[in-house]
Every structure is written in structure tokens, then in C-alpha cells.
Amino acid sequence: MKQLILFCWCSVILIACDPPRNGIDLTAKNLRIINDGTSALSARVQFSLNAVGEAMVVVIDKGTGEEKRTPVSKEKINHNITITGLKEKTSYSVTVQVKDRDQNFGTAAEQTFTTAAIPASVKAFYKPEENTLNETDGSHFLFTSRVGPACIYLINNKGKMVWYRTTQNMLKVVRLTRNNTLLCLEDENNTSFGDGNVILELSLGGDTLFYVRQGTKGFDKSVHHDLYLNHRGNVVAVTNVYRPGITIPGDGIIEFDRSGNKIWEWTTFDSNDAAETGISNQPWINSLVQDNDNNYIVSLRSFSQVWKNTSTSGAVMWKLGKGGNVQMETADEFQFQHYAHRNPQGDIMLFDNGSATRPVTRLMSFTIDEQQKKATRKLKVELPANLYSAIMGSTMLMPDQGILSASSNNSQFVKTNAAGQVLWTVKIAEPIYRAEYVGNPFLTY
């Protein structure tokens, strides 16, 4: 579907302000407001000042009079300020304000613009009128459609879509980083499963902060299923790995610096731990996160194990699951799990998909004694039979101790309590890889 593109090239009304501290009257020029159908609910306001100065933007809905103020953009000449929380096909007045010498804001430029329409495909995938929530103010949820034109969605505590972004490529996975940016794996080749060939990091305003494409720099193998922004600010991702004479691929971890150069990698071929499982399938790493000590927690679906690997050599520190080296109860062994991570209580939490031999999906967490290599189950919640999900999926604790889980096969995500009672359900048009509670990413961007 051809996206509606609306670029607002704005003439500028220059209004003199009181002299700033440097004695120069600050004025704004080259004002441009960018808003189009790829992200109609946000806009970027770009302008230049005649001298270094702070600025902010005041936005008023011309129909309702509702006013929004952006955070202050720090001292510079060229400013790029993001507006979020807009409505589609709505007229707004925009005022650029700058500080005077008394630290008061005065108007430097003003203009009006009208937001674009949300594409029909975006609305068809997620219908707010069918999904009414009642969560704590400031709560937001992140999920994506996968097939191009794919879309990243953020909905609020009431189930209202408050931000989205489309891409013409297939979208394999998206993570919200600790910087409230979006780390994305896209696929230009329409490959099956979770493989992608483009990694990019985006601001909520749509600025590209990082971009690397397979075949350039150190990106010499396809990436699949997950990626993460690590403690160095570098991008870490899961890779497919092939070896001559070996028909079954392995998996790996690769790290790129901010310029897109490969600086470190590890593969399951480098370790005897994969061979010890006796499983001839690809390990199929489907999630990767960084632990509190900066090492990595990875979920290996084919092995029904979760590993912890060092972030320096990749050496395996422990293996949780059937056949692993962490002691656990047989009844707690999980099957073909996804989304292994350390939850806010300090436990390793995961989405236990189940299988044809046990067609029950469980939400589980374990306290791990890493020195003694012993696991104690803390949480085991069975989802109702209609939420069994043999593939994909995710689960995580919410601040109120509710549990958010994506029943991917069933094209929905749910909130349950510790007893497995479903408290609410969000339905979407097609299966999703995961769904995440992300707090309020709009506090800073």
C-alpha cells in the first residue's frame, strides 16, 4: 500500500525575543515540520537559531485547544525536536520558543500543520475499539506486525494506539533500549523464520541512530530472532553460523561497534556444550539479553535449555534445562522455551512453550544459585488450553506483579495473575513474536 506522505515545509514567522545572555536576539529560520503516514502520531520539528540557544516546542490542537510542551532542547544552533501523542488528520499550531537573558521563554517562530492519516493496514492489524484496557497511567505495551509493510506499535494503558512506525521490509524483532530507542531487525529478502539482513536503531522521532546491512563491514552472516544494546552501547545479535562439511548450521553471538564494525563473535561450534546435548538440529537461539553482570543469557529452543555466556569469550557459565549442569526438579524442565531473561525479582523467567507431548504452555521463573549451580522454581503458571502456543511467545512481570504473556499462535497477548487467571486480553490480526510492557518511553527521547 502506498503510504500517504505529508511533508510540511513551513514558512517562518520570526518574532524578536528579549536579548539572551550573549546579547544576541535569538531568531529561528529554516523551520520544517516532518509528519507522514509512516508515523502519523508523531512529528519532528527542525529549525536553526541564529546563535547557540535552548528551545522547546508548544503544540496546540486547533480543534480542542489541548496543549503539549516538549522537553527543552539543549543549547545548540540546529534543533530537531520530537512531538509525540498527536492524532491523525488533525490541525495543530506549532510555536518554537527560545530562552531570553532572564531565562524566560519567548516565541521565535510559529506555524500550523495537519497530521497524516494512519494507513488502513496499520488499523487492520490492531483495532483499539476491540481492546479496552485499564492499567496504571504511564503504562505502555510494545508489539509488532511482521510481514511488510510491517509496523511497530505502542499502545497505552487504555489500549489506545499512541505511536507507530511502518516499514516496507519484514520486521523480525524490535527491542526498546534503556535509552528509549528502538533496536530493529528488518529483512529485505522475505526469508522464513526470524532471519534478517538490516539492523537499525531509531529514535521515537524517526531519526536513524545506527544502521548496518549484511554484506558491509563485519556483518558477514545473517542475524536472526534477537538483538540487544549492551553496556558498551554496542549492538549484540544472534547469528546463523555455517561450517564447511557440516550440514546443520550453528548459532552465534556477534557484537558491532557504533560504526557497524564487528568487534567480537562466538559460535556454538566453539563449545562442546552443544555437542553434549546429542541434538543434531540447529540450536536455534531465540532470545538474547544482557544480565546484571554484563554477561549474556540466551535461550536455545532446540536444546530446551537456557545458557549464560560470558560477554568476553562466550564461554558457557551454566546451562539450565534438561541435560544442563544446573540442578533442577524434573517436573520443572521446560520445552522449546522463548524469551529467557532476569526479571525484576532477580529470577530467570521464561515462556515454556510446551510441545505435542505436553501441549500446555507455562510461565516459569527460577532462582539460580550460580555458584552451586542449583535452581529453585519460584513461578509456574499454566496458561488456559486456548492459549497454548507451540511457537514464539514471551512472558514478563509487570510492576503490579501481574504477568504479561504473548500467546503468539493465537494472535493475542494477555495479562494473568499468578494463579493463571486471565485479567485482560489484547487481540491482533496475526501472530506476533512477542509483547512487552515498556513503562513510559515518552518521558525522555
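The values are calculated or read from the model by the stated rules, or taken from the named source; none is laboratory data. This one's a predicted model, so the numbers in the text were calculated from it and none came from an experiment. In this analysis, Cβ positions are derived from the backbone assuming ideal geometry, glycine residues included, and neighbour counts consider all displayed protein chains.
Considering (1) surrounded by fewer than 16 Cβ atoms within 10 Å (Cβ to Cβ); (2) at negative phi, say which one Gly85 fails and leave the rest.
With respect to (1) surrounded by fewer than 16 Cβ atoms within 10 Å (Cβ to Cβ); (2) at negative phi, Gly85 is out only on (2).
Can we say Leu423 is surrounded by fewer than 20 Cβ atoms within 10 Å (Cβ to Cβ) and not assigned by TED's automatic domain parsing to the domain that holds Ser192?
Details: surrounded by fewer than 20 Cβ atoms within 10 Å (Cβ to Cβ): yes; not assigned by TED's automatic domain parsing to the domain that holds Ser192: no.
So Leu423 does not fit the description; no.
Is the range 148-171 home to any residue that is over 21 Å from Ser91 (Cα atoms), in the same structural domain as Asn234 (by TED's automatic domain parsing) and without any contact (Cβ under 8 Å) to a residue 12 or more places away in the chain? If you could, list the steps in order and put the result at the bottom.
Taking the range 148-171 as the starting set, the residues that turn out to be over 21 Å from Ser91 (Cα atoms) are 148-159, 166-171.
Subset that is in the same structural domain as Asn234 (by TED's automatic domain parsing): 148-159, 166-171.
Narrowing further to those that are without any contact (Cβ under 8 Å) to a residue 12 or more places away in the chain: none.
No, there is no match, as no residue in the range 148-171 is over 21 Å from Ser91 (Cα atoms), in the same structural domain as Asn234 (by TED's automatic domain parsing) and without any contact (Cβ under 8 Å) to a residue 12 or more places away in the chain.
Kindly evaluate Ile253 against the criterion of being in a strand (DSSP E or B), in contact with a Gly (Cβ under 7 Å, 6 or more places away or on another chain) and among the β-branched types (Val, Ile, Thr).
Working: in a strand (DSSP E or B): yes; in contact with a Gly (Cβ under 7 Å, 6 or more places away or on another chain): yes; among the β-branched types (Val, Ile, Thr): yes.
When the stated conditions are applied, Ile253 passes them.
Taking Asp347 and the conditions (1) modelled with pLDDT of 95 or more; (2) more than 27 Å from Asn234 (Cα to Cα), which numbered condition does it fall short on, given that it satisfies the others?
Status for Asp347: all satisfied but (2).
Inside the range 298-315, can you point out the residues that are crowded, with 21+ Cβ neighbours inside 10 Å and without any contact (Cβ under 8 Å) to a residue 60 or more places away in the chain?
Matches in the range 298-315: Ser299, Leu300, Arg301, Phe303, Ser304, Gln305, Val306, Trp307, Asn309.
For the structure I just gave you, tell me whether Asn78 is surrounded by fewer than 18 Cβ atoms within 10 Å (Cβ to Cβ) and either under 28 Å from the mean Cα position of the chain (by Cα) or modelled with pLDDT of 95 or more (or both). Please lay out each step first, then the result.
Numbers: surrounded by fewer than 18 Cβ atoms within 10 Å (Cβ to Cβ): yes; either under 28 Å from the mean Cα position of the chain (by Cα) or modelled with pLDDT of 95 or more (or both): yes.
So Asn78 passes the test.
Across the range 141-169, what is the total count of residues that are assigned to a strand (DSSP E or B) and of a type in the set (D, E, K, R)? Reasoning before the result, please.
Of the residues in the range 141-169, the ones assigned to a strand (DSSP E or B) are 141-144, 150-156, 161-167.
Keeping just the survivors that are of a type in the set (D, E, K, R) gives 165.
The total comes to 1.
For the range 204-240: of the residues being surrounded by fewer than 16 Cβ atoms within 10 Å (Cβ to Cβ) and among the small types (Gly, Ala, Ser), which is farthest from Leu171 (Cα to Cα)?
Gly233
If the requirement is being under 28 Å from Ile263 (Cβ atoms) and touching a residue at least 40 places away in the same chain (Cβ under 8 Å), which of these qualifies: Asp195, Asp187?
Details: Asp187 fails: touching a residue at least 40 places away in the same chain (Cβ under 8 Å).
Residue meeting the stated conditions: Asp195.
Give me the pairs: first residue in the range 90-113 and more than 15 Å from Ser73 (Cα to Cα) and assigned to a strand (DSSP E or B), second residue modelled with pLDDT of 95 or more and charged (D, E, K, R), beta-carbon distance under 8 Å, and six or more apart or on different chains, which are they?
From residues that are more than 15 Å from Ser73 (Cα to Cα) and assigned to a strand (DSSP E or B), the pairs are Ser91/Asp61; Ser91/Lys62; Tyr92/Asp61; Tyr92/Lys62; Ser93/Lys62; Thr112/Lys62.
Among the candidates Glu135, Glu201, Glu186, single out the residue that is part of a loop (DSSP other than H, G, I, E, B), buried (at least 16 other Cβ atoms within 10 Å of the Cβ) and charged (D, E, K, R). First the steps, then the outcome.
Details: Glu201 fails: part of a loop (DSSP other than H, G, I, E, B); Glu186 fails: part of a loop (DSSP other than H, G, I, E, B).
Sole residue among the options that is part of a loop (DSSP other than H, G, I, E, B), buried (at least 16 other Cβ atoms within 10 Å of the Cβ) and charged (D, E, K, R): Glu135.
On the basis of being among the β-branched types (Val, Ile, Thr) and surrounded by fewer than 15 Cβ atoms within 10 Å (Cβ to Cβ), does Ile391 make the cut? Write out each step before concluding.
Values: among the β-branched types (Val, Ile, Thr): yes; surrounded by fewer than 15 Cβ atoms within 10 Å (Cβ to Cβ): yes.
So Ile391 fits the description; yes.
Select from the range 40-60 the residues that are under 29 Å from the mean Cα position of the chain (by Cα) and charged (D, E, K, R) and list them in ascending order.
Scanning the range 40-60 gives a single hit, Arg44.
Name the residues in the range 27-39 that are within 30 Å of Thr144 (Cβ to Cβ) and either under 22 Å from the mean Cα position of the chain (by Cα) or without any contact (Cβ under 8 Å) to a residue 40 or more places away in the chain (or both), would you? Can you show your working first?
As a first pass, look at the range 27-39 and keep what is within 30 Å of Thr144 (Cβ to Cβ): 32-39.
Hits for the range 27-39 are Arg32, Asn35, Asp36, Gly37, Thr38, Ser39.
I'm trying to understand the selection: among the residues of the range 224-250, which are farther than 14 Å from Ser311 by Cβ, in a strand (DSSP E or B) and out of contact with any Leu (no Cβ under 6 Å at 6 or more places or on another chain)?
His224, His225, Thr239, Asn240, Val241, Gly250
Considering only residues that are of a type in the set (Ser, Thr, Tyr) and over 20 Å from the mean Cα position of the chain (by Cα), which ones fall in the range 399-445? Steps first, answer last, please.
Taking the range 399-445 as the starting set, the residues that turn out to be of a type in the set (Ser, Thr, Tyr) are 405, 407-408, 411, 416, 425, 433, 437, 444-445.
Across the range 399-445, the qualifying residues are Thr416, Thr425.
Got a number for residues in the range 202-226 being closer than 19 Å to Gly439 by Cα and free of Cβ contacts under 8 Å to residues at least 60 places away in the same chain? It would help to see each step written out before you state the result.
Our first condition is that a residue be closer than 19 Å to Gly439 by Cα; within the range 202-226, this holds for 202-205.
From the residues that got through so far, the ones that are free of Cβ contacts under 8 Å to residues at least 60 places away in the same chain too are 202.
Result for the range 202-226: 1.
Residue check, Val173 against (1) in contact with a Phe, Trp or Tyr (Cβ under 9 Å, 6 or more places away or on another chain); (2) assigned to a strand (DSSP E or B); (3) over 30 Å from Ile34 (Cβ atoms), all met but one. Which one?
Here Val173 clears every test but (3).
Applying the selection to the range 91-105, what residues are over 22 Å from Lys29 (Cβ atoms) and either of a type in the set (Phe, Trp, Tyr) or at pLDDT 90 or above (or both)? Talk me through it step by step, then tell me what you get.
So the first thing to find is which residues in the range 91-105 are over 22 Å from Lys29 (Cβ atoms), and the list is 91, 102-103.
Within the range 91-105, just Ser91 meets the criteria.
Can you find, within the range 115-132, the residue that is nearest to the chain's Cα centre (by Cα) among those that are surrounded by 13 or more Cβ atoms within 10 Å (Cβ to Cβ) and in a loop (DSSP other than H, G, I, E, B)?
Of the range 115-132, the ones surrounded by 13 or more Cβ atoms within 10 Å (Cβ to Cβ) are 115-119, 121-123, 125-128, 131.
Still in the list and also in a loop (DSSP other than H, G, I, E, B): 115-119, 126-127, 131.
Working: Thr115: 25, Ala116: 24, Ala117: 24, Ile118: 21, Pro119: 21, Tyr126: 17, Lys127: 20, Asn131: 21 Å.
In this case the residue turns out to be Tyr126.
Can you confirm whether Gly321 is assigned by TED's automatic domain parsing to the domain that holds Phe143 and surrounded by fewer than 22 Cβ atoms within 10 Å (Cβ to Cβ)? Working first, answer last.
Numbers: assigned by TED's automatic domain parsing to the domain that holds Phe143: yes; surrounded by fewer than 22 Cβ atoms within 10 Å (Cβ to Cβ): no.
For Gly321, the condition - assigned by TED's automatic domain parsing to the domain that holds Phe143 and surrounded by fewer than 22 Cβ atoms within 10 Å (Cβ to Cβ) - is not met.
Within the range 409-430, take every residue that is in a loop (DSSP other than H, G, I, E, B) and without any contact (Cβ under 8 Å) to a residue 60 or more places away in the chain and give me the one that is farthest from Ile152 (Cα to Cα).
The qualifying residue farthest from Ile152 (Cα to Cα) is Ala419.
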